[in-house]
Amino acid sequence: MQVSAIMTRKLTMVDPDMSLSALKDIFNQSKFQHVPVIDASRRLVGIVSVKDYFKALAPVMDAASEKTLDIFVTSRKIKHVMTSPVIAVPEDYPVVKAAALLLKHNIGCLPVTDQDNVAIGIVSWKDIMRIVVLQAARKSRLAYGAAAEEE
């Protein structure tokens, strides 16, 4: 199976010059944990996660007033906290190899790009686990059905 079969195609993407405040709004309005960072041509230049967001805030969280924190998230840009370069895969990449990459690099997702490095999707460890669970359930039902027929 290829990542194209399980990847999320409807992406929210961000510009590297957007503020952390705008990123916070995106994370608050969505249920995903990672956002591809793209340039004006939709080429992948980075990825930013909820974890990256909170790691950037950690040094100022305890000591900063609410006003200082607001100034920080408004002035700090995504390009300052994103991961770049990004480990990305093509859409014909095998799911098993994608899972191995996630484990090897201890990351939560892989952006999917076309031959021009344009972001076209994202595959997360949850997408892969969903397939594993569905396949296991399918096998279990088949085994149960075969055992029931033998009785």
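For this structure, a couple of remarks:
- Tallying residues that are farther than 17 Å from Gln115 by Cβ, at pLDDT 90 or above and not in a strand (DSSP E or B) within segment 30-50 yields 3.
- Of all residues in segment 30-48, exactly one satisfies the criterion of being surrounded by 20 or more Cβ atoms within 10 Å (Cβ to Cβ) and either small (Gly, Ala, Ser) or at positive phi (or both), namely Gly46.
- Among residues of segment 108-123 that are closer than 17 Å to Thr83 by Cα, those with a Cβ under 9 angstrom from a residue that is among the aromatic types (Phe, Trp, Tyr) and in a loop (DSSP other than H, G, I, E, B), sequence gap 6+ or separate chain, pair up as Cys109/Phe32; Leu110/Tyr93; Val112/Tyr93; Ile122/Phe32; Val123/Tyr93.
- The set of residues from segment 68-106 being open to solvent by 60 Å² or more (accessible area, probe 1.4 Å), closer than 24 Å to Ser21 by Cα, part of a loop (DSSP other than H, G, I, E, B) and touching a helix residue (DSSP H, G or I) at 6+ places or on another chain (Cβ under 8 Å) comprises just one member, Arg76.
- Of all residues in segment 6-29 being over 16 Å from the mean Cα position of the chain (by Cα) and part of a helix (DSSP H, G or I), the one that is nearest to Arg76 (Cα to Cα): Leu20
The values are calculated or read from the model by the stated rules, or taken from the named source; none is laboratory data. Just so we're clear, the structure is a prediction, and the values are computed from it rather than from any experiment. Quick reminder, even Gly has a Cβ in these numbers, built from the backbone with ideal geometry, and neighbours come from all protein chains shown. Side chains included, ligands, DNA and RNA excluded: accessible areas come from the protein's heavy atoms. Shrake-Rupley method; radii C 1.70, N 1.55, O 1.52, S 1.80 Å.
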